[in-house]
Amino acid sequence: MPPQIPTEVEAERQRIVAALGQLGFVLPGTISTRMARCGKPTCRCRAEPPQLHGPYNQWTRAIKGKTVTKVLSETQLATYQPWFDNNRRLRELSTQLQQLSLDTIQTLEGWGAET
């Protein structure tokens with residue numbers, strides 16, 4: 001027999017699920033902006049003060065346990081930034097749903113917060 005979920009808890013679950021359904025594409029990983037030095041000993045990036053090359057937008061993520069980095073153009077970053085934002089939102093919503101589920105089972109079963 002399924003447990004009796006309180007109405008307000010079910011409403012919160014439905015809100016989270018609806019928000020998940022509104023997400024578009026998601027891209028995992030981290031975006032960072034880097035400045036760099038090249039290998040030429042007489043380049044301006046080696047001067048004092050250095051004038052570094054860049055900025056370079058780097059997308060870093062793990063694939064099969066290996067770190068992979070791609071350099072994105074400004075146009076690519078602008079195009080795909082919403083996908084990176086959606087990934088952050090996906091993680092937030094997933095965490096909310098997990099916490100709601102944990103809180104609910106603890107309440108339904110009368111367990112303490114440490115479970």
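The values are calculated or read from the model by the stated rules, or taken from the named source; none is laboratory data. Because the structure is predicted, anything quoted here is derived from the model rather than measured. Virtual Cβ from ideal backbone geometry, glycine too; neighbours counted across all protein chains shown.
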Expected single match for surrounded by 10 or more Cβ atoms within 10 Å (Cβ to Cβ) and modelled with pLDDT under 95 among Ile16, Ile5 is Ile5
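Table: residues versus (1) over 18 Å from the mean Cα position of the chain (by Cα); (2) within 30 Å of Pro3 (Cβ to Cβ).
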site: Gly54; (1), (2): yes, no
site: Thr67; (1), (2): no, no
site: Ser73; (1), (2): yes, no
site: Gln98; (1), (2): no, yes
site: Glu109; (1), (2): yes, yes
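Rundown of residues vs (1) assigned to a helix (DSSP H, G or I); (2) in contact with a helix residue (DSSP H, G or I) (Cβ under 8 Å, 6 or more places away or on another chain), yes/no style:
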position	(1), (2)
Ile5	no, yes
Glu10	yes, no
Arg15	yes, no
Leu20	yes, yes
Met35	no, no
Glu48	no, no
Gln58	no, no
Thr67	no, no
Gln76	yes, no
Restricting the search to the stretch 80-104, which residues are β-branched (Val, Ile, Thr) and surrounded by 12 or more Cβ atoms within 10 Å (Cβ to Cβ)? Thr104
Residue by residue through the stretch 26-43, note down the ones that are free of Cβ contacts under 8 Å to residues at least 60 places away in the same chain and of a type in the set (A, V, I, L, M, F, W, C). Ile31, Met35, Ala36, Cys38, Cys43
Please tell me if Leu93 is out of contact with any Gly (no Cβ under 9 Å at 6 or more places or on another chain), over 26 Å from Arg15 (Cα atoms) and assigned to a helix (DSSP H, G or I). no
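Residues in the stretch 71-78: is at least one at pLDDT 95 or above and under 12 Å from Gly29 (Cβ atoms)? Reasoning before the result, please.
Taking the stretch 71-78 and keeping what is at pLDDT 95 or above, we get 71-78.
Applying the additional criterion that residues be under 12 Å from Gly29 (Cβ atoms) yields 72.
Scanning the stretch 71-78 turns up at least one residue that is at pLDDT 95 or above and under 12 Å from Gly29 (Cβ atoms).
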